Amino acid sequence: MYEYKLMCGIVGAVAQRNITEILIKGLQALEYRGYDSAGLAVVDSEGKMTCLRRTGKVQSLADAAKTQPLLGNTGIAHTRWATHGKPSELNAHPHLSTHIAVVHNGIIENYESLRNLLIHRGYNFTSETDTEVIAHLIDWQQRQQGGSLLEVMQPVVAQLSGTYGVVVMDSRDPARLVAARSGSPLVIGCGEGENFIASDELALLKVARRFIYLAEGDLVEMTHSSLSIFDGQGNAVQRAETAPQAQYHAGDKGLYRHYMQKEIHEQPLALQQTLTDRINNGKIDFSELGSDIADRLTNVQHIQIVACGTSYHAGLVARYWFESLAGIPCDVEISSEFRYRQPVVRANSLLITLSQSGETADTLAALRLSKTLGYLASLAICNVAGSSLVRESDMALMTKAGIEIGVASTKAFTTQLAVLLMLVAFMGKKKGRPEAVEHKIVHALQTLPVKITEILTWDNSIANLANNFYDKKHALFIGRGELYPIAMEGALKLKEISYIHAEAYAAGELKHGPLALIDENMPVIVIAPKNSLLEKLKSNIEEIRARGGELSIFTDKAAAFNESKGIKTIQLPQVDDIIAPIFYTVALQLLSYHVALIKKTDVDQPRNLAKSVTVE
């Protein structure tokens with residue numbers, strides 16, 4: 001879905017009761033992120049530490065916990081996705097060194113040199129992971145300097161290069177946890193006479209109602225009754241408490257078979273929530289930005305969008321909108337490419353970052369790089385209000401999609417598009433575009449929730465179409481204009497959850513290579529509403545038909561397609577061209593979902609993927 005190392009799950013607790021069940025329940029709330037093994041370690045008041053690890057689902061860990069005593073008031077737990085070392089119990093977290101237990105999200109980039117140093121010092125490694133070096137480093141530092149776990153952690157983190165959210169426990173000091181954050185998010189949950197820490201507040205919703213998000217570089221020491229937070233320079237600091245931002249019980253699919261199915265069907269409500277309070281008297285209202293900051297948008301002469309994966313596709317759609325509707329030049333780049341080249345910044349350029357989680361490592365790095373490059377301002381469009389991306393940007397607009405559990409993004413993507421389209425209207429007005437442009441966008445957006453509800457009634461027809469894909473190994477998606485990025489998103493969804501190799505092309509590019517792939521075994525999915533590019537697209541369709549291609553066309557009645565040999569159509573309601581990218585996205589989500597059902601893949605947790613990517 002995205003790239004690289006995927007975001008694992010961390011849960012920690014210090015209480016005056018047995019916390020084993022709390023740790024396991026917390027891990028289960030984080031299962032949507034994707035993982036291949038799970039483990040926990042608890043320590044009782046007498047300093048006895050017990051560690052348990054299992055490959056596979058958290059339920060395997062829970063079942064094993066029932067067969068042996070796991071008692072402790074302090075503990076840490078983790079779900080891991082394999083990067084350094086294959087999935088195994090030895091590579092699962094927590095990792096131990098004498099009295100020390102460690103769980104870790106992220107990547108320690110200098111782990112090989114640290115590992116060699118520690119082997120030279122006499123340490124034996126039982127795993128292939130980068131995390132084990134942290135445990136041994138802490139043990140070594142304790143032996144050398146003594147002092148509290150907090151005092152030891154300060155010089156240890158100074159030796160680590162890379163990204164990490166790490167929580168540490170010492171069985172000789174059984175009523176205390178220490179945690180550090182660098183690039184990988186950690187949130188403290190405050191209870192009554194007990195404290196918790198996790199990589200996501202979802203893990204703690206049942207035990208805490210007040211939350212504190214650690215800032216970059218923070219180090220925290222916690223007991224059941226106290227919290228001490230220190231910044232990257234070692235200064236004691238206070239971080240603001242917040243109410244829960246998530247109101248979601250991860251185990252509740254309702255009547256739906258999968259989270260993805262549920263979230264596809266939640267899109268009308270999610271879009272309505274996105275629009276609420278942002279359209280007043282037929283105009284876009286972004287007073288949430290603040291008058292001073294919003295006025296700065298008047299000076300914007302160029303927009304640079306950076307994002308990854310699905311969010312990148314949203315940015316590509318927005319480029320068409322910004323330039324055609326608002327008259328503002330716009331460039332879009334994959335975050336991981338932007339951060340590793342030497343971009344030339346245009347005068348008065350606004351940086352827009354798109355991320356569902358707000359913790360995507362490359363997008364965060366791009367934002368931080370932009371602060372040295374002279375951008376006019378930075379604006380984050382995100383689904384998580386307390387995320388790093390939101391906190392570090394000059395401005396932020398929340399998508400209000402609600403928690404999304406399925407790995408393949410659905411409502412987070414369509415709400416991103418809705419926010420971007422509102423921003424196009426808002427900025428177009430700032431740049432002097434006619435009021436009629438804003439009115440047209442507003443009218444189209446107001447019809448959107450109802451139109452998405454309509455398209456969901458085509459579920460059975462799309463399910464029938466999906467039967468044509470049961471034996472397919474490849475697929476092509478094509479579109480033109482702002483629907484070309486939607487073809488890219490459709491291809492991504494199909495490959496993510498059905499494991500069919502799928503690619504997208506701008507339809508005009510077919511003759512420049514992709515036509516060589518066309519035969520009866522290569523299904524071609526076409527997005528073809530009635531618009532100004534339809535006739536051009538019909539010519540491309542004929543090129544495919546002439547070569548024996550099998551076509552599945554998502555269209556509307558006005559486009560006047562008829563089914564014939566080699567052509568199957570899904571005739572959807574006609575919608576305004578402005579919102580067509582959002583509308584047709586939902587149809588392609590349904591197609592991917594039903595193909596995945598036929599293929600009997602894991603829809604919500606597809607192999608090799610997870611929900612958030614917090615390191616390269």
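The values are calculated or read from the model by the stated rules, or taken from the named source; none is laboratory data. Computed from a prediction, not measured in an experiment: that's the story for all the values here. Here Cβ is always computed from backbone atoms with ideal geometry, including for glycine, and neighbour counts include all displayed protein chains.
Determine, yes or no, whether residue 239 is farther than 25 Å from residue 363 by Cα and touching a strand residue (DSSP E or B) at 6+ places or on another chain (Cβ under 7 Å).
So residue 239 does not fit the description; no.
Just the residues that are surrounded by fewer than 24 Cβ atoms within 10 Å (Cβ to Cβ) and of a type in the set (Val, Ile, Thr), please, taken from the stretch 489-530.
Scanning the stretch 489-530 gives 500, 518.
Can you tell me which residues in the stretch 327-344 are loosely packed, with under 15 Cβ neighbours inside 10 Å and more than 22 Å from residue 482 (Cα to Cα)?
Selection gives 337, 340, 341, 342, 344.
Every residue, every condition in (1) out of contact with any helix residue (DSSP H, G or I) (no Cβ under 8 Å at 6 or more places or on another chain); (2) crowded, with 24+ Cβ neighbours inside 10 Å; (3) under 20 Å from residue 268 (Cα atoms), yes or no:
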{"site": "555", "(1), (2), (3)": "yes, no, no"}
{"site": "559", "(1), (2), (3)": "no, no, no"}
{"site": "565", "(1), (2), (3)": "yes, no, no"}
{"site": "570", "(1), (2), (3)": "no, no, no"}
{"site": "576", "(1), (2), (3)": "no, no, yes"}
{"site": "583", "(1), (2), (3)": "no, yes, yes"}
{"site": "593", "(1), (2), (3)": "no, yes, yes"}
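Return the only residue of 55, 98, 50 being among the polar types (S, T, N, Q), at pLDDT 90 or above and under 26 Å from residue 603 (Cα atoms).
Criteria check complete, one pass: 55.
Inside the stretch 416-456, can you point out the residues that are surrounded by fewer than 19 Cβ atoms within 10 Å (Cβ to Cβ) and among the acidic types (Asp, Glu)?
435, 454
Mind listing just one residue for me: the one in the stretch 268-303 that is surrounded by 13 or more Cβ atoms within 10 Å (Cβ to Cβ) and polar (S, T, N, Q) and, of those, nearest to the chain's Cα centre (by Cα)?
So the residue we want is 274.
Name the single residue that is surrounded by the fewest Cβ atoms within 10 Å (Cβ to Cβ) among those in the stretch 369-415 being in contact (Cβ under 8 Å) with a residue 60 or more places away in the chain, among the charged types (D, E, K, R) and not in a helix (DSSP H, G or I).
394
For the stretch 134-190, what are the residues that are over 34 Å from the mean Cα position of the chain (by Cα), in a loop (DSSP other than H, G, I, E, B) and more than 23 Å from residue 203 (Cα to Cα)?
146, 147, 148, 171, 172, 173
Does at least one position in the stretch 581-589 carry a residue that is polar (S, T, N, Q), closer than 18 Å to residue 469 by Cβ, in contact with a Leu (Cβ under 9 Å, 6 or more places away or on another chain) and assigned by the TED database to the domain that holds residue 466?
There is no residue in the stretch 581-589 that is polar (S, T, N, Q), closer than 18 Å to residue 469 by Cβ, in contact with a Leu (Cβ under 9 Å, 6 or more places away or on another chain) and assigned by the TED database to the domain that holds residue 466.
Please enumerate the residues belonging to the stretch 92-114 that are in contact with a Gly (Cβ under 7 Å, 6 or more places away or on another chain) and of a type in the set (Gly, Ala, Ser).
92, 106
Please go through the stretch 304-326 and pick out each residue that is more than 14 Å from the chain's Cα centre (by Cα), under 20 Å from residue 477 (Cβ atoms) and surrounded by 24 or more Cβ atoms within 10 Å (Cβ to Cβ).
Hits for the stretch 304-326 are 315, 317, 318.
Can we say residue 588 is out of contact with any Cys (no Cβ under 6 Å at 6 or more places or on another chain), in contact (Cβ under 8 Å) with a residue 60 or more places away in the chain and closer than 30 Å to residue 166 by Cα?
no
Residues in the stretch 461-496 that are under 15 Å from residue 587 (Cβ atoms), over 26 Å from the mean Cα position of the chain (by Cα) and without any contact (Cβ under 8 Å) to a residue 60 or more places away in the chain: how many?
Within the stretch 461-496, residues that are under 15 Å from residue 587 (Cβ atoms), over 26 Å from the mean Cα position of the chain (by Cα) and without any contact (Cβ under 8 Å) to a residue 60 or more places away in the chain number 1.
Can you name the residue in the stretch 18-41 that is in a helix (DSSP H, G or I) and acidic (Asp, Glu) and is also modelled with the highest pLDDT among such residues?
For the stretch 18-41, the residue satisfying everything is 21.
Just to be sure before I move on: is residue 178 closer than 22 Å to residue 111 by Cα and either buried (at least 24 other Cβ atoms within 10 Å of the Cβ) or in contact with a strand residue (DSSP E or B) (Cβ under 6 Å, 6 or more places away or on another chain) (or both) in the structure I sent?
Yes, satisfied.
Look at the stretch 90-133 and say how many of its residues are in a loop (DSSP other than H, G, I, E, B), over 22 Å from residue 175 (Cβ atoms) and among the polar types (S, T, N, Q).
Number satisfying all stated conditions: 7.
Could you tell me which residue of the stretch 28-72 is nearest to the chain's Cα centre (by Cα), considering only residues that are of a type in the set (Val, Ile, Thr) and under 16 Å from residue 101 (Cα atoms)?
42
Please work out if residue 472 is part of a helix (DSSP H, G or I) and not hydrophobic (A, V, I, L, M, F, W, C).
Against the criterion (part of a helix (DSSP H, G or I) and not hydrophobic (A, V, I, L, M, F, W, C)), residue 472 does not qualify.
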